[in-house]
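First the structure, in the form of structure tokens, and then the observations on it.
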């Protein structure tokens with residue numbers, strides 16, 4: 001797979017965080033007045049654990065990597 005870009009991000013994709021947590025993209029968010037798109041993530045093991053990060057952070061290989069799990 002080639003390098004991911006912001007336009008490749010879609011709900012349902014799973015990303016592994018450096019600490020080993022698996023997060024699933026639930027939706028893309030465009031905040032008013034911001035150019036950068038954000039994503040809402042839910043923890044695969046605990047659906048009550050969510051976070052919102054920029055797509056730029058999600059694409060940073062030092063923080064997250066796309067997983068096929």
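Throughout, read-outs are computed from the coordinates displayed, never taken from laboratory work. Computed from a predicted structure; not experimentally measured. FYI the Cβ positions are ideal-geometry reconstructions off the backbone, even for glycines, and counts take in every protein chain you see.
May I ask you to list the residues in segment 1-22 that are surrounded by 10 or more Cβ atoms within 10 Å (Cβ to Cβ) and in contact (Cβ under 8 Å) with a residue 40 or more places away in the chain?
Scanning segment 1-22 gives 4, 6, 9, 13, 14, 15, 16, 17, 18, 22.
Considering only segment 44-62, how many residues are in a helix (DSSP H, G or I) and surrounded by fewer than 16 Cβ atoms within 10 Å (Cβ to Cβ)?
Residues flagged as in a helix (DSSP H, G or I) and surrounded by fewer than 16 Cβ atoms within 10 Å (Cβ to Cβ) within segment 44-62 amount to 2.
Which members of segment 23-43 meet the condition of being part of a loop (DSSP other than H, G, I, E, B), in contact with a strand residue (DSSP E or B) (Cβ under 6 Å, 6 or more places away or on another chain) and surrounded by fewer than 16 Cβ atoms within 10 Å (Cβ to Cβ)?
36
Being over 17 Å from residue 7 (Cβ atoms) and free of Cβ contacts under 8 Å to residues at least 12 places away in the same chain is the filter here; which residues of segment 35-69 pass it?
Answer for segment 35-69, where residues must be over 17 Å from residue 7 (Cβ atoms) and free of Cβ contacts under 8 Å to residues at least 12 places away in the same chain: 46, 47, 48, 49, 61.
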